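Q: Please find one structure pasted underneath; my questions will follow.
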Amino acid sequence: MKILITAATSANAYKFKAGLNEQDIVLGDYGDIPAFTKMLKLPNPGKETYAHEMLTLSLDNAIDRIYLLDGKEWDILQHSKQLFSEYNIELIDGNNL
């Protein structure tokens, strides 16, 4: 299973990653990402096409589960949970675990 954790530029993302017992974890963020990291550049949740861009990114990177640590991202994507589930991608509000 491949997991994406959002809000990767925050310390909370690294704490969250350390708490998961998974091997294939990718961090991503829509903000500025340092060039030396291996983080995914995520689409901006302020765009109208955000949900579709996240779905495409998830499919292109074989993501099975997304932990959304940014409240703005969760607020938008929770309305698209059915769409993501049709592609076997689970959306999880990482702030409520």
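Bear in mind that the values in this text are calculations on the coordinates, not laboratory data. Not measured: the values here are computed from a predicted model. So basically every Cβ, Gly included, is an ideal-geometry build from the backbone, and we count neighbours across all protein chains shown.
Q: Could you work out the pair-distance distribution P(r) of the range 51-97 from its alpha-carbon pairs, with 5 angstrom bin width and percents rounded to whole numbers?
A: Per 5 Å bin, starting at 0, the Cα pair percentages come out as 5, 25, 36, 25, 8, 1.
Q: Taking each pair of distinct Cα atoms in the chain once, what is the resulting Kirkwood hydrodynamic radius in Å?
A: 13.3 Å
Q: Also: Sorted by average packing, counted as other Cβ atoms within 10 angstrom per residue and highest first, what order do 18-24, 72-78, 45-51 take?
A: Taking the mean over residues of other Cβ atoms within 10 Å, the ranking is 72-78, 45-51, 18-24.
Q: Could you point to the residue in Ser85, Tyr67, Thr9 farthest towards the positive end of the range 3-96's charge dipole, with +1 and -1 charges on the Cβ of Lys/Arg and Asp/Glu respectively?
A: Of Ser85, Tyr67, Thr9, it is Thr9.
Q: Count of lysine pairs in the chain with Cα atoms under 18 Å apart, counting only pairs 8 or more residues apart in sequence or on different chains?
A: 12
Q: Assuming R0 = 22 Å, can you tell me the calculated FRET efficiency for the pair Ala11 and Asp32, based on Cβ-Cβ distance, to the nearest 0.05?
A: 0.90
Q: Give the order of Asp93, Asp70 when sorted by the count of other beta carbons within 10 angstrom, beginning with the fewest.
A: Ordered by Cβ neighbours within 10 Å, fewest first: Asp93, Asp70.
Q: Net charge within 12 Å of Gly31 by Cβ-Cβ distance, Lys/Arg positive one each and Asp/Glu negative one each, not counting Gly31 itself?
A: With Lys, Arg at +1 and Asp, Glu at -1, the net is -2.
Q: Pop out the ³J(HN,Hα) list for the range 27-44 in order, Karplus 6.51 cos²θ - 1.76 cosθ + 1.60 with θ = phi - 60°, rounded to Hz; leave Gly and Pro as x.
A: Result, rounded to whole Hz: 9, x, 8, 9, x, 5, 10, x, 5, 7, 8, 10, 7, 7, 7, 8, x, 6.
Q: Charges only on Cβ, +1 for Lys and Arg, -1 for Asp and Glu: so what's the dipole of the chain about the Cα centre, in debye to the nearest 20?
A: 240 debye
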